[in-house]
Amino acid sequence: MIATETKTEALLKRKQAAVASGIANSTSIFVEKASGAVITDVEGREYLDFYAGVGVLNAGHCPKPVVEAVKKQADKLLHSFFAIAMYEPYVALAEKMNQIVPGKQPKKTMFANSGAEAVENAVKIARQATKKTGIVSLECGFHGRTLMAMALTSKVKPYKHGFGPFPSDTYKVPSAYCYRCQFQSTYPGCGMHCLEHFDRFFAAEAASDQIAAVIAEPIQGEGGFIVPPQEYFSGLKAICEKNDILFIADEIQTGFARSGKMFAIEHWGVEPDIMTTAKSIAAGMPLSAVTGKAEVMDAPGAGGIGGTYGGNPLSCVAGLETIRYMEDNHLCQRAQHIGDVTMKRLQNLQERCAVIGDVRGLGAMIGIELVKDRKTKEPAKEMAASVIKLCLEDGLLVIGAGIYGNVIRLLIPLVVTDAQLDQGLGILERNIQKAAATC
């Protein structure tokens, strides 16, 4: 009897023939539909989603008010290049972003399509505002896959390898990765060597009078969910202010309630000069934003920033409704609850499971760093891959992170039910233990 080809097998063949090989896939799932924290594939199998489209779906899959708002807008206007013929949703969302982004000074916003585009535009704006060219980013940081964004990104493979040369006047400094301190120090008695390093950097790498901006993720995402100490960002902002350098907070993954606050930088009480946002801004519709101090944002001349699709009316309406949905449903508080439950469970597991070297995060943005040995901290990349595979087989989607590929990152949709959270964490705990026994 000849076996019937499944829908997934047929789609995989079509994908392999039609889609560029550089578009990699870590699973063979083809999604048919999704709602809240559950994905259903074309075979009818359901999966708990603990990666949320890599942080895009903080408000969950297909929140009904957002879907309805997009449908309503689609009947009226799909596109009009904002630079030629304007429309109200762009202005309304800019007003909302200016209201919710931290900072007491007047702010202004521009829209683009992706996080990488937001970063590119933030760099352009910073250079125009300061009349300087140098941009400093942190090791372990990720800022996108366009050319300037790749130059600022730290993880080499697969993002940067073979794609150079990259733009000049970009520099990197060590991040506040306390678990793997570059200076072989231990917090809190370290004196914050990662900040003290700037003195050497300005003397040995690039003079402060040529640096336009420092860009940093409040919590480094792709780098392994690295959370700096409480005094780090106030110290970094002080260095920037002393040297007339702008501070750009990259909130593309950390923003929109993920950390337990609307924006993660609020945990440090620091007001950025420029903020980049994307991902969860519009519940899955393509949209990104650059928001900053009005005098900084106004530095580029007319036509200096923008793009054909930036701030598409469908996406802007989705953005407005998504932010309203987050506020109405108190998703910042929900993120904190999810984080408290998850951290407690994982820390208890860490006491019993020696392969867990570190558990860290803020709110519902949590990373689990796996190691072969707690003393040497040798990264357990293969074990992390095994955990991800085993969880998939058990109906749970999680993804990896970290410059060594040994971190399991949790980006649980903030609309997950308590029962779903308990079920998913149970699957994760079981498979970390199973992988530890077999790897």
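List of remarks:
- Sorting the segments 120-126, 269-275 by their mean number of nearby beta carbons within 10 angstrom, highest to lowest, gives 120-126, 269-275.
- Charge dipole of the chain about the Cα centre (unit charges at C-beta), most positive-ward option of Leu287, Gly235, His143: His143
- Inter-centroid distance (Cα atoms) of segment 356-370 relative to segment 73-139, Å: 31 Å
- Span from the segment 313-344 Cα centroid across to the segment 174-232 one, whole angstrom: 30 Å
- Near the amide H of Lys372, within less than 5 Å, lie the amide hydrogens of Glu378, Ala380, all on another chain or at least 5 residues away, with H placed in the peptide plane.
- Along segment 132-146 the Karplus relation, 6.51 cos²θ - 1.76 cosθ + 1.60 evaluated at θ = phi - 60°, assigns HN-Hα couplings of 10, 10, x, 10, 9, 10, 9, 4, 6, x, 10, 10, x, 10, 7 Hz to successive residues, with x for each Gly and Pro.
- Charge tally in the Cβ shell below 12 Å around Thr8, where Lys, Arg are +1 and Asp, Glu are -1, Thr8 excluded: 0
- Lys237 sits with roughly 20 Å² accessible to a 1.4 Å probe, with DNA, RNA and ligands left out of the calculation.
- Hull shadow area, averaged, segment 237-310 [alpha-carbon convex hull, nm²]: 5.9 nm²
- Residue-normalised accessible area of the chain, given per residue in Å² at a 1.4 Å probe: 45 Å²
- P(r) weight above 31 Å for the chain, C-alpha pairs, percent: 41 percent
- Amide H contacts under 5 Å for Gly400, placed H, 5+ residues apart: Arg409
- Residue-by-residue Karplus 3J(HN,Hα) for segment 164-173, coefficients 6.51, -1.76, 1.60, Hz, glycine and proline x: x, x, 9, x, 7, 6, 10, 9, 10, 10
- Using equal-weight Cα scatterers in the Debye expression, the normalised intensity of segment 118-228 in log10 at q = 0.10, 0.17 Å⁻¹ is -0.30, -0.86.
- Computing FRET efficiency as 1/(1 + (r/R0)^6) for Thr8 and Glu205, where r is the C-beta to C-beta distance and R0 is 60 Å, gives about 0.75.
- Pairs from the list Lys15/Lys124; Lys124/Lys237; Lys7/Lys64; Lys344/Lys375 with a Cα-Cα gap above 30 Å: Lys15/Lys124.
- Rg and Dmax over the alpha-carbon atoms of segment 279-378 stand at 20.5, 60 Å.
- Rounded to the nearest whole angstrom, the semi-axes of the ellipsoid equivalent to segment 168-327, taken from the Cα gyration tensor as √(5λ), stand at 30, 21, 13, largest first.
- Mean residue ellipticity (222 nm) of the chain, computed from DSSP H runs ≥ 4 via -39,500 (n - 2.57), nearest 500: -11500 deg cm²/dmol
- Label point 7 Å beyond Cα of Ile23 along Cβ direction - residues of segment 251-295 with amide nitrogen under 11 Å: none
The values are calculated or read from the model by the stated rules, or taken from the named source; none is laboratory data. What you see is a predicted model, and the numbers here were worked out from it, not measured in a lab. Note: ideal-geometry Cβ built from the backbone for every residue, glycine included; neighbour counts use all protein chains shown. What goes into the accessible areas is simple: the full protein's heavy atoms, side chains included, and nothing from ligands, DNA or RNA. Shrake-Rupley method; radii C 1.70, N 1.55, O 1.52, S 1.80 Å.
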